[in-house]
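Report on the following structure.
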Amino acid sequence: MVAGLRDGTFGMARETAAFYNDSINEGVAHGMGVGESLGKALNKAKAPHADVSLVASAYRLGIPLTVHIALGTDIMHCHPNANGAALGEGTLRDFRIITQQMTNLAHGGVLANLGSAVVLPEVLLKAIALQRNRDPKGFTDFLGVNFDFIQQYRSNQQVVARVKEIGGRGIALTGHHEIMIPLLAQAIMEESAR
C-alpha cells in the first residue's frame, strides 16, 4: 500500500471499480438498492465463485442484502464512473430495506453485528430509532449480538446496550471471525435440524 500511495496507483485498478460503480449506476436507475444491484450484476456476469458469494447468493435466493456506503471511504469512489447520486440513492434504499426487515425482530428476533465497528452499528441505531418511533411499546424483546475480536464502543453501545435499554437482551461475543462465524453457522444449522 505504501508504494501505491507514493506512486499514485493505490486504489486505481480499473476493472473492479468499473464493475462495482457501473452495476450500482444501472441497478439504481432501475429502482434497486446497492446490495440488489451488485447481486444481480454478479449473477448476470457469471462471476467466478458467484456460487459462494454472499451478495450473489442473496440475490439468487431473493433475500434482501443491504450495503451502507459512507461516501469517500472506498477506493471505488476515486474512479470517474462513481456517481454520487446513484451511490446515495442506492444506499438510502438499502437503509429503508434494512429498517423494514428489522420490523420482524420484535418479540424473539436476533440482530447480529459481525465485525463492523462504526458504519453498521450507526445504521442499526437509526433503524432502531425509526422502529421505536413507529411502535414504541411493540418494537422490543429481541436479542442484539455483537461479534468481534476487539469489542468497540459503537458496536457495543448500538447493538448491545441500546437493545437492552428498549427491553431486549444484548450479548457481546469476542473472538476471531474465522472461528466464531463458522461456529455460529454450525449452531444455526443444528438448531434448524431439530
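What follows draws every value from the coordinates through simple rules; no lab data is involved. Given the structure is predicted, the values throughout are model-derived calculations rather than measurements. All Cβ positions, glycine included, derive from the backbone under ideal geometry; neighbour counts span all protein chains shown.
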Among M12, M102, M189, which comes first, second and so on when ranked by fewest other beta-carbon atoms within 10 Å?
M189, M12, M102
List the chymotrypsin sites (Phe, Trp or Tyr not before Pro) in the range 104-194 that DSSP assigns to loop (not H, G, I, E or B) and whose Cβ has at most 14 other Cβ atoms within 10 Å. Which are they?
F149
Only Cα pairs within less than 10 Å get springs; with that Gaussian network setup on the chain, which residue of G108, G170, G88 has the largest fluctuation?
G108
Here the range 176-193 yields Karplus 3J(HN,Hα) values (6.51, -1.76, 1.60; θ = phi - 60°; whole Hz; Gly and Pro given as x) of 6, 4, 5, 9, 5, 5, x, 5, 4, 4, 5, 4, 5, 5, 5, 5, 5, 6
Using the Cα centre of the chain as the reference point, and only Cβ charges (+1 on K/R, -1 on D/E), how large is the resulting charge dipole? Debye, rounded to the nearest 20.
440 debye
Most fluctuating of K164, K40, K137 in the GNM of the chain (C-alpha, under 10 Å) is K137
Among V123, V145, M180, the residue whose Cα sits farthest towards the positive end of the charge dipole of the range 106-193 (+1 at Cβ of Lys and Arg, -1 at Cβ of Asp and Glu, taken about the Cα centre) is V123
Amide H partners (placed H, <5 Å) of A172, local residues excluded
N146
Could you tell me the relative contact order of the chain? Use alpha-carbon pairs under 8 Å, at least six residues apart, and round to a whole percent.
16 percent
Lys pairs, the chain - Cα-Cα below 29 angstrom, 8 or more residues apart or on other chains:
4
Taking neighbour counts of Cβ atoms within 10 Å as a proxy for exposure, in what order, fewest first, do V2, V163, V118, V123 appear?
V2, V118, V123, V163
Mark the label point 7 Å from the Cα of V118 along Cα→Cβ and return the residues of the range 145-182 whose backbone N is within less than 12 Å of it.
154
